[in-house]
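Let me begin by presenting the structure, written as structure tokens, before commenting on it.
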Amino acid sequence: MPNNQKPIAPKTKPQKKKKRSDRSIGYMLIAPSMILILIIAIWPVFQSFYYSMFDLRLNNPAKSEAYVSYKVNLQTYLDNYPFLISTLEDEMDTASGKTKSELEKIKANLEKVDAELIADSELKSKYDQVDEKLTVMEPISEELAVSDLNKEVALDLEKAVNDSTDSIRDLKGELKNSEDLIGLSSSLEDSVITPNFIGLKHYKENLTDSRMWKAIQNTTVFTLISVFAELVIGLAIALLINKAFFGRGLVRATILIPWAIPTAVSAFMWKYLYDGQNGIVAKTFAEIGLFDQMTDMLTTSTGAMFAVIFADVWKTTPYMALLLLAGLQTIPSSLYEAAAIDGASKWKQFLKITLPLLKSSILVALLFRTLDAFRVFDLIYVLTGGGPANSTETISILAYKVMFAQTNFGEGSALSVIVFVCVAIISMIYIKFLGRDLLNDK
């Protein structure tokens, strides 16, 4: 060992213990943030994935919740069963021959299943409570009304009710109150709640659905064009307002006005400007030859996509410029002075100094805007509603229509998970190819 080089002393136990203590303190400090992220960001994704594995439909009482086992709605059952039996007995009193024997058979099958239903002591207890509350017209909680049901009993009940409905329809011409019997029997079918777990069926259907792929294509086109235009224009604006000139503060404040306007308000504003009869922007574009006529702005596929991209670029370019301006202000002016002394042109300074040192800011700006653009909803929803003919329908618009317009929460949740996966892939791509220096992850 050279004389001028001192040996490195091994770490003592107190040093190791102190290091472990510092690490524990660090974990404790970030724990609240991690828990908050888990609750706000991660948990809803798992919840959406869970719901996506069920056929959840709010317009269908039997599928309004996630059921993994057979259940019976005792309120629906007791709202119809006693009246069905009573009506059958009234018909039997006036019927004869084959009709009477068929009615007796229907009644016997229903009573047999009813006996199987109350054979379970726990279910019988709820059965009696619901029956008593219905008699005195008291409200019934869902917890009391819905009860687990043995699969075999559930299938027997379904078969008995379906057979009863079919038999009553066959006897329709020979019965006095056939419509009442059919209505009661059909309503009794709704009392059986079947499991609506379907696994990954929604994902299989969506991944083979041309409409979903068209929505992803529209989203990708919108994202790529708008973000690229915003980056170029935003960088130009940032370079401009980074220079010292008279009234720079006023220009900086003014340029942020489009970004400060709420998206829904700006979308309504642009909708009036794009109007095919009175819109000044539509008239200007038609006069300079971008469109054949004013109405093409919102009534053609190309015009509608151009309209939403143009409106988005107008609104969010200031945001991009603001992020890039913050990065430009961290670059020392001495670097440009040294480059100028060496004879570098402005373009050479831009390529060799500005862009490399602005890389981190560009990454952050691109990442934020790309994720925001890919999840675009309010601008397109207000401006075009996804039309015409779904030409501007993005994946978020499609998820909204399926989940809320069609009340299909299962498929809507699957689409939401697909959006999350796409966003995660975009983030990983940015970090992989552009963010290694930013994250020091070699």
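The values are calculated or read from the model by the stated rules, or taken from the named source; none is laboratory data. In this text the structure is predicted, and so the values were computed from the model without any measurement. Cβ coordinates were reconstructed from backbone atoms using ideal geometry, including for glycine residues, and neighbour counts include every protein chain displayed. Heavy atoms of the whole protein, side chains included, go into the accessibility calculation; ligands, DNA and RNA do not. Shrake-Rupley method; radii C 1.70, N 1.55, O 1.52, S 1.80 Å.
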Fill in: Net dipole in debye of segment 256-327 [+1 Lys, Arg Cβ; -1 Asp, Glu Cβ; about Cα centre; nearest 20]
220 debye
Fill in: Over 24 Å (Cα to Cα) - which of K105/K126; K71/K100; K243/K352 fall in this group
K105/K126; K71/K100
Discussion item. Probe of 1.4 angstrom, ligands and nucleic acids ignored: what's the accessible area per residue over segment 72-218, in square angstrom?
Written reply: 56 Å²
Worksheet entry | Dipole-positive endmost among S178, I216, A160 within segment 152-311 (Cβ charges, Cα centre) | I216
Worksheet entry | Sulfur and carbon atoms: percent of accessible area, the chain [1.4 Å] | 61 percent
Discussion item. Rounded to the nearest 20 debye, what is the charge dipole size of segment 327-442 about its Cα centre when +1 sits on each Lys and Arg Cβ and -1 on each Asp and Glu Cβ?
Written reply: 320 debye
Practice prompt. In whole Hz, with x marking every Gly and Pro, tabulate ³J(HN,Hα) for segment 145-161 from phi via Karplus 6.51 cos²θ - 1.76 cosθ + 1.60, θ = phi - 60°.
Written response: 6, 9, 9, 5, 9, 4, 4, 5, 5, 4, 5, 4, 5, 4, 5, 4, 5
Fill in: Centroid-to-centroid separation of segment 330-362 and segment 25-75 [C-alpha atoms, Å]
51 Å
Item to complete: Quick one: what are the phi-derived ³J(HN,Hα) couplings along segment 179-184, Karplus 6.51/-1.76/1.60 with θ = phi - 60°, whole Hz, x for glycine and proline?
Response: 5, 5, 5, 5, x, 5
Worksheet item: Tally Lys and Arg at +1 and Asp and Glu at -1 over the other residues with C-beta under 12 Å from the C-beta of V402: what net charge comes out?
Response: -1
Discussion item. Under 5 Å between amide hydrogens, which residues at least 5 positions from I193 or on another chain qualify, with H placed 1.01 Å from N in the peptide plane?
Written reply: K71, V72, N73
Worksheet item: With every protein chain present, what is the per residue accessible area of segment 379-424 (1.4 Å probe, Å²)?
Response: 31 Å²
Worksheet, complete the sentence: For segment 194-246 the chymotrypsin sites (Phe, Trp or Tyr not before Pro) that pass both the DSSP coil test and the at-most-11 other-Cβ-within-10 Å test are F245, F246
Worksheet entry | Charged-residue dipole, Cβ positions (Lys, Arg, Asp, Glu), segment 71-170 about Cα centre, Debye nearest 20 | 240 debye
Worksheet item: How many Å² of accessible area per residue for segment 230-274, probe 1.4 Å?
Response: 61 Å²
Worksheet, complete the sentence: Inter-part gap, Cα centre of segment 244-305 to Cα centre of segment 146-207, in whole angstrom, is 55 Å
Item to complete: Specify which residue in the list L239, A286, A304 is farthest towards the positive end of the charge dipole of segment 197-324, using unit charges on the beta carbon of Lys, Arg (+1) and Asp, Glu (-1), about the Cα centre.
Response: L239
Practice prompt. Among F377, L366, N390, flag the residue with its Cα farthest along the positive direction of the charge dipole of segment 353-442, charges on Cβ as +1 for Lys/Arg and -1 for Asp/Glu.
Written response: L366
Worksheet item: Fully extended, how many nm does the chain gain between F404 and K124 (0.36 nm per residue separation, minus their Cα-Cα distance)?
Response: 97.0 nm
Fill in: Long-range amide H partners of T384 with built H, under 5 Å
none
Worksheet, complete the sentence: Cα gyration tensor of the chain diagonalised, 5x eigenvalues square-rooted, in angstrom largest first, produces semi-axes 65, 35, 17
Worksheet item: If ligands, DNA and RNA are left out, what is the accessible area of T220 with a 1.4 Å probe, given in Å² to the nearest 10?
Response: 50 Å²
